[in-house]
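See below for the structure under consideration.
Just so it is clear, none of the values below were taken in a lab; they were calculated from the coordinates. The structure displayed is predicted, hence computed values, not measured ones. Heads up, the Cβs are rebuilt from the backbone with ideal geometry, glycines too, and the neighbour counts pull from every protein chain shown.
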Amino acid sequence: MDFRLSREHKDIKSAAKEFAEGVFTDHAEEFDQNETFDEGIWKKACELGFVGVWIKEEYEGMGMGFFENCLITEEFFVVDPGIALAIGTTCFGSEIIQNSATEEQKKTYLTPLVKGEARMGTAITEPDAGSDTAAAATTAIREGDEYVINGSKMFITNGIRGKFVLVFAQTNPENPDRHKRHSFILVETDRKGYEATKLHGKLGIRASETTEISLSNVRVPVSNLIGQEENGFKQLMNFFNQTRCYVAAQGVGIARSALEETIKHSKQRYAFGAPIASLQATQFKIAEMYTRIQASRAMTYEAAWKVDHGEIDHGLIAAAKWYSGRTAVECADIALQMYGGYGYMADYKVQRIYRDAKITEIYEGTTDIEKIIIARSLLR
Ligand SMILES: Cc1cc2nc3c(=O)[nH]c(=O)nc-3n(C[C@H](O)[C@H](O)[C@H](O)COP(=O)(O)OP(=O)(O)OC[C@H]3O[C@@H](n4cnc5c(N)ncnc54)[C@H](O)[C@@H]3O)c2cc1C
């Protein structure tokens, strides 16, 4: 076993770091305050090949893996989680297309994503169905050569910025098996009856767009079905195996940022005649942060590496996601505490880190859901 990153991996990491430090830093505060984003940054990230690196070369992607995406994600999230997410989610759901769409669909939808010509979203969550994804009640009923879609979706990333959204909907509500009722249907966001409203006032990751979607008699051709009918739940679980690795990498990036801020501040800030870094209480906190980050990263790397090699380790993926999210939240808490009163003020990055961290314990499966998966994988 070789724990060292290859030359190529090191280059990917340093290119991502250089891009994020050069471009995100000046905008992070403004985008956070105003809940905005700059299209130019996203297009530049696409141009440089940082978006959807797992998309195969035949669709003009980089043809890399989820492991490489984790390397980029960590570096981007160290600099600013809001901007990092606004870029990283531009192809949220492309994994489902690459995994299960027809060749023609892949060519039509994947290429514009990596070229910076289109964004997409994936709409699973509903006002009354979050963790229990199989309870999603939106319907897509077949009428001739079309699906007629009705329902509402909640907290959907890129509902407005996206050119199309994959909607998780019941195509066979009568199926007695609730895990065999859903399918993924691609809905172009300019379809009649599709309406997305931006949700304001998020705690963190405010450069990323979160929306509520209403689908009222939206008609799409049956050719917009992605994969097989009634296979949606299975497609969704496969998708989560990939996206949970990224969220784990997000947590690692946020926690690392908290550690870097803590080290910087503790060397500069004096109390009782000495830098607070000289206090053993501070040193213990720094040691704890470092150790948790190392453990989180090790799990994340292994989980993503296994996904890339076709070895799906549900328990490990869930553990990486849960532990990295927890680490991000705990490290952000320590960093803010180290900054004392200054940390509580908007002028300091630690306040943003503290607010941004929490989402890693909520989306793509809450902490509780991850623990259920871990326990299930062990008690099987
Ligand atoms: C900023 C943001 C972006 C998002 N982007 C998207 C997106 O692009 N697409 C999308 O589809 N969704 C998206 N989501 C939704 C997100 O995935 C859900 O919020 C999440 O899955 C939790 O669902 P919920 O909010 O309905 O909480 P609930 O499922 O109602 O959970 C509430 C609480 O109950 C706990 N709980 C639930 N079930 C169990 C159980 N069986 N055992 C123990 N505890 C349990 C949960 O852990 C949680 O603490 C986004 C959310 C946010 C905040």
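Hand me the chymotrypsin sites (Phe, Trp or Tyr not before Pro) from the range 160-222 located in a DSSP loop with no more than 13 other Cβ atoms within 10 Å, in residue order please. Let's see the in-between values first.
Details: sites: F164, F168, F184, Y194; in loops: none.
Qualifying residues, ordered by number: none.
Going by neighbour counts of Cβ atoms within 10 Å, the residues T138, T25, T90 line up, fewest first, as T25, T138, T90.
Summing +1 for each Lys or Arg and -1 for each Asp or Glu among the other residues whose beta-carbon sits under 12 angstrom from that of A135 gives -1. Against the chain, whose longest principal axis comes from its Cα atoms, helix 314-339 is set at around 40 degrees. In order along the range 124-137, the phi-based Karplus estimate (6.51 cos²θ - 1.76 cosθ + 1.60, θ = phi - 60°) of 3J(HN,Hα) comes to 10, 4, 10, x, 10, 8, x, 4, 7, 4, 5, 7, 4, 9 Hz; Gly and Pro are listed as x.
On alpha-carbon atoms, Rg over Rh for the range 74-149 using Kirkwood Rh? Provide the component values of the computation, followed by the final result.
Numbers: Rg = 15.8 Å, Rh = 15.0 Å.
Result for the range 74-149 is an Rg/Rh of 1.06.
The lysine pair tally for the range 233-379, using Cα distances under 18 Å and a gap of 8 or more places or different chains, is 9.
The long axis of helix 232-268 is offset from the longest Cα principal axis of the chain by roughly 20 degrees.
Relative contact order, percent, of the range 5-104 when contacts are C-alpha pairs under 8 Å separated by at least 6 residues? Mind dumping the intermediate values first?
Working: 86 pairs, mean separation 33.2, N = 100.
Worked out over the range 5-104, it gives 33 percent.
If R0 is 45 Å, the Cβ-Cβ spacing of E58 and D347 corresponds to a FRET efficiency of close to 0.40. Compute the separation of the alpha-carbon centres of the range 58-130 and the range 334-380 and state it in Å as a whole number. Measuring centre to centre over Cα atoms gives 23 Å.
Among the GluC sites (Glu not before Pro) found in the range 294-370, those both in a DSSP coil and sparsely packed, with 14 or fewer other Cβ atoms within 10 Å of their Cβ, are E311.
Below 8 Å between Cα atoms, with a sequence gap of 6+, how large is the relative contact order for the range 120-230 in percent?
After rounding, I find 31 percent.
Per q in 0.31 1/Å, what log10 I(q)/I(0) does a Debye calculation on the alpha-carbon atoms of the range 242-295 return? After summing over all Cα pairs, the log10 values are -1.15. Subtracting the Cα-Cα distance of A135 and K44 from 0.36 nm times their residue separation leaves 28.9 nm of extension gain.
Taking the C-alpha atoms only, the angle from helix 66-79 to the longest principal axis of the chain is near 50 degrees. Summing charges over neighbours of A277, with a neighbour being any other residue whose Cβ is under 14 Å away from its Cβ, gives +2 when K and R count +1 and D and E count -1.
What do you get for GluC sites (Glu not before Pro) in the range 125-230 restricted to DSSP loop and a cutoff of at most 15 other Cβ within 10 Å of the site's Cβ?
Values: sites: E143, E146, E174, E188, E195, E209, E212, E229, E230; in loops: E174, E209, E229, E230.
Sites meeting the loop and neighbour criteria: E174.
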